[in-house]
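A.B. asks: To start, I am sharing the structure in question, which I have written as structure tokens.
The values are calculated or read from the model by the stated rules, or taken from the named source; none is laboratory data. None of these values were measured; they are calculated from a predicted model. Because the Cβ atoms are built from the backbone with ideal geometry, glycine has one as well, and the counts that use them run over all protein chains shown. Surface areas here come from the heavy atoms of the whole protein model, side chains and all, with no ligands, DNA or RNA. Shrake-Rupley method; radii C 1.70, N 1.55, O 1.52, S 1.80 Å.
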Amino acid sequence: MTRSETREDRQTTALRLLDSSAQLSYDPIREVDWDTPLDTAYHGTSPEWSTLFGTSYWNDMTPEQQRELTRQEAASVASTGIWFEMILQQMLLRDFYAKDPTDPAFQWALTEIADECRHSIMFARGAAKLGAPAYRPGRVAVELGRLFKAIASGESAYAAILVAEEVLDVMQRDWMRDERVVPFVRTINNIHVVEESRHMKFAREETKERLRGAGVVRRQVNALVVSIAAYFIVTSMVSPEVYANAGLDTARALREAKRNEHHKSMLRSSCAGLMEFLDSAGLLTRAARFVYQRANLI
């Protein structure tokens, strides 16, 4: 395929995504029920996605404690989403800085950034309504994220974006359909799933395009960088603080969550399609595979 044909395909994809965005986008301020008080009879996530589901501690908890834990976990996942969406926005802005603004890909990038801004506000308001504090990733993850957003480019940036979006997408597809989950969180999940499907399409296409003609060394290096980014994203999703805020014994909860084979299995199943894509793109190297295994993604 010639460079001209590649550019035309890229523009066609961007135009299609822009049209989809014009046809189906949401305003969370109007779409989400922010006014109805939190109903504590509901979960914050599907219980099966809780880090403690299937453990002896989960069985020892009262239904009220289980629901409170899933609400705190939902808020923590949302906070991690905000953290990575801020990284994503900066990488997109750097990538399209001083490029042709008439290019549909340029306009799509700005559209995606606008989506992410709305999503971050939506997640922040959702976490607050769940009665949660401001959960943040650990210091190491925050500083590595600061470095990553400043230097990541090309396939490493877009593949990392895809990893974060794909993992969250599978979780939220379950949550948005689960009537045990509090209705306003289901609405948030639905909005995010619909709009992120376009972002994932763009990330996949950009990853493949940026890898065109890449040599073995470059693929090896970027595969490892993306896997490390994935490790810190996934392991930061649920803060250790959620257990204390749910009224649990943090030490016991952390021990049982670390050994929870059910939760590890849920993560692995959610990433099956992602790993297949990374493998097809040459980004599932031996070193990367080891890191993904450590993060329970493979």
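A.B. asks: Report the residue count in segment 59-116 for those that are hydroxyl-bearing (Ser, Thr, Tyr) and in contact with a strand residue (DSSP E or B) (Cβ under 8 Å, 6 or more places away or on another chain).
C.D. replies: 1
A.B. asks: Related question: Please list, ordered by residue number, the helices (runs of 4 or more DSSP H) wholly in segment 1-65 having 3 or more residues that are under 22 Å from Ile191 (Cβ atoms) and of a type in the set (S, T, N, Q).
C.D. replies: Values: elements: 3-23, 28-31, 56-60.
It comes to 3-23.
A.B. asks: Mind listing whichever residues of segment 127-139 are farther than 17 Å from Leu69 by Cα and free of Cβ contacts under 8 Å to residues at least 60 places away in the same chain?
C.D. replies: Arg139 - this is the single residue of segment 127-139 that is farther than 17 Å from Leu69 by Cα and free of Cβ contacts under 8 Å to residues at least 60 places away in the same chain.
A.B. asks: Let me ask you something else. Among Ser270, Ser227, which is the only one that is closer than 13 Å to Val163 by Cβ and surrounded by 21 or more Cβ atoms within 10 Å (Cβ to Cβ)?
C.D. replies: Ser227
A.B. asks: Which numbered condition in (1) open to solvent by less than 30 Å² (accessible area, probe 1.4 Å); (2) within 25 Å of Leu283 (Cα to Cα) is the only one that Glu205 fails?
C.D. replies: So the condition that Glu205 fails would be (1).
A.B. asks: Just the residues that are closer than 16 Å to Asn245 by Cα and either touching a Ser or Thr at 6+ places or on another chain (Cβ under 6 Å) or open to solvent by 50 Å² or more (accessible area, probe 1.4 Å) (or both), please, taken from segment 50-62.
C.D. replies: Correct list: Ser50, Thr62.
A.B. asks: Still on this model: Please specify each residue of segment 205-226 satisfying the condition of being touching a helix residue (DSSP H, G or I) at 6+ places or on another chain (Cβ under 6 Å) and either among the basic types (Lys, Arg) or in contact (Cβ under 8 Å) with a residue 60 or more places away in the chain (or both).
C.D. replies: Glu205, Thr207, Arg210, Leu211, Asn222, Ala223, Leu224, Val225, Val226
Residues checked against (1) at pLDDT below 95; (2) among the hydroxyl-bearing types (Ser, Thr, Tyr); (3) buried (at least 19 other Cβ atoms within 10 Å of the Cβ):
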{"residue": "Ser21", "(1), (2), (3)": "no, yes, no"}
{"residue": "Glu48", "(1), (2), (3)": "no, no, no"}
{"residue": "Glu64", "(1), (2), (3)": "no, no, no"}
{"residue": "Glu73", "(1), (2), (3)": "no, no, yes"}
{"residue": "Leu88", "(1), (2), (3)": "no, no, yes"}
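A.B. asks: Within segment 243-267, which residues are buried (at least 22 other Cβ atoms within 10 Å of the Cβ) and either without any contact (Cβ under 8 Å) to a residue 12 or more places away in the chain or touching a Lys or Arg at 6+ places or on another chain (Cβ under 9 Å) (or both)?
C.D. replies: Tyr243, Ala246
A.B. asks: Looking at segment 139-196, which of its residues are of a type in the set (Gly, Ala, Ser) and either in contact with a helix residue (DSSP H, G or I) (Cβ under 7 Å, 6 or more places away or on another chain) or crowded, with 16+ Cβ neighbours inside 10 Å (or both)?
C.D. replies: The answer is Ala141, Gly145, Ala152, Ser153, Gly154, Ser156, Ala157, Ala159, Ala160, Ala164.
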